[in-house]
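Each remark here refers to the structure printed beneath this line.
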Amino acid sequence: MGKKKLDWGALPFGYMKTDKRFVSNYKNGAWDKGKLTKDEKVVISECACVLQYAQTCFEGLKAYTTKDGRIVTFRPDLNAARMKSSCERLEMPVFPEERFVQACLDTIKANIDWVPPYGSGATLYVRPYMFGSNAVIGVKPADEYQFRILVTPVGPYFKGGVKPIVVRISDLDRAAPHGTGDIKAGLNYAMSLHNIVDAHKCGFAENMYTDPATHTYIEETGGANILFVKKDGKLVTPKSNSILPSITRRSLVQVAKDYLHMEVEELQINKNELSDFAEVGLCGTAAVISPIGKIVDHDKEILVPSGMEAIGPVLGKLRETLTGIQMGEIEAPAGWIYEIK
């Protein structure tokens, strides 16, 4: 049919119905073979477990057009492994990891005309998700599940490109101690919705959460991990058991070590130490890296030395290198890039 006629450079980060999506159902202890379908509607019982007890998890990855015209996606095997962890924690059946990866590739291929062109700044967002689908009224896991993958072309997560944002330190918690903060459960994001709406009303782009036990150490934001750069150039990531293991963060850490020959350290970061860092940024699938220019801790403003005008030199180089790998401009480590053929 040919590439869709969209204003690729003006796309929002939002949903747009595409041609096909993947659906597989779990019933009587087994997954069916699954299929690609044009039907975007989900039909479930009014008493479905997902509606009553929020038994659902999801993933997020992207497909890109590389500089040489190939269509690729980035490390879907890690998304499969992370969804496995989410399912195990939520007492959901695991969709086999090899099938997960193949279903992602098949769904991207079925929507190949929706993959934005190279240089547009847009990507094809891929959203695998699973939910308990049968009626459950007592508090217990469902017996039947549906695994689906949808795709939608998206623009940048933060409007205006890679510009420093202002965040606030939150009094609320993103996840409970020893809870579900380290898995990609829908309930974690539901808990953050009120807080992010309030943050936006107050003029902040995001909330920066501290550890739920003591409210002392920096953890992550509502939708992304956090990176810190020391004044000596060392990259630091927060250490915590309740942080989601971001695939983008893990990739950036490897890029920092192997491509940029940086020293990297994972440690607890006291919120009183924020002024000691030269650069701060968010990282995740949606934004890759979004620099932070100012952190507001109630009546105290912490101005990050890299400023409010542009991304700092270290995070800028990290972002440039990772996106170069994703877009085929820089040779990728073995196993990172999956080509859609």
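Structure above, values below:
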quantity	calculated
Test set (1) in contact with a Gly (Cβ under 8 Å, 6 or more places away or on another chain); (2) aliphatic (A, V, I, L, M); (3) open to solvent by less than 30 Å² (accessible area, probe 1.4 Å); (4) more than 16 Å from Ile149 (Cα to Cα) - Leu90 fails condition number	(1)
Subset of region 254-278 (residues that are open to solvent by 60 Å² or more (accessible area, probe 1.4 Å) and basic (Lys, Arg))	Lys257
Hey, Val288 in contact with a strand residue (DSSP E or B) (Cβ under 6 Å, 6 or more places away or on another chain) and of a type in the set (A, V, I, L, M) or not	no
Selection status of Ala287, closer than 19 Å to Pro76 by Cα and of a type in the set (A, V, I, L, M)	yes
Ser24 being over 29 Å from Ala332 (Cα atoms), among the hydroxyl-bearing types (Ser, Thr, Tyr) and assigned to a loop (DSSP other than H, G, I, E, B)	no
Single unsatisfied condition, Leu282 versus (1) touching a Lys or Arg at 6+ places or on another chain (Cβ under 9 Å); (2) in a strand (DSSP E or B)	(1)
Given (1) surrounded by fewer than 22 Cβ atoms within 10 Å (Cβ to Cβ); (2) touching a helix residue (DSSP H, G or I) at 6+ places or on another chain (Cβ under 8 Å), index of the condition Lys163 fails	(2)
Ser242 in a strand (DSSP E or B) and open to solvent by less than 20 Å² (accessible area, probe 1.4 Å)	no
Failed criterion for Val136 (all others in (1) over 20 Å from the mean Cα position of the chain (by Cα); (2) open to solvent by 10 Å² or more (accessible area, probe 1.4 Å); (3) not charged (D, E, K, R) hold)	(2)
Residue in region 312-332 that is more than 26 Å from Ala63 (Cβ to Cβ) and either open to solvent by 30 Å² or more (accessible area, probe 1.4 Å) or of a type in the set (A, V, I, L, M, F, W, C) (or both) present	yes
Odd one out for Pro128 among (1) within 17 Å of the chain's Cα centre (by Cα); (2) crowded, with 23+ Cβ neighbours inside 10 Å; (3) closer than 18 Å to Glu329 by Cβ; (4) not hydroxyl-bearing (Ser, Thr, Tyr)	(3)
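The values are calculated or read from the model by the stated rules, or taken from the named source; none is laboratory data. All values derive from a computational prediction rather than experimental measurement. Methodologically, a virtual Cβ is constructed for each residue, glycine included, from the backbone with ideal geometry; neighbour enumeration extends over all protein chains shown. Remember, those area values only see protein heavy atoms, side chains included, never the ligands or the DNA or RNA. Shrake-Rupley method; radii C 1.70, N 1.55, O 1.52, S 1.80 Å.
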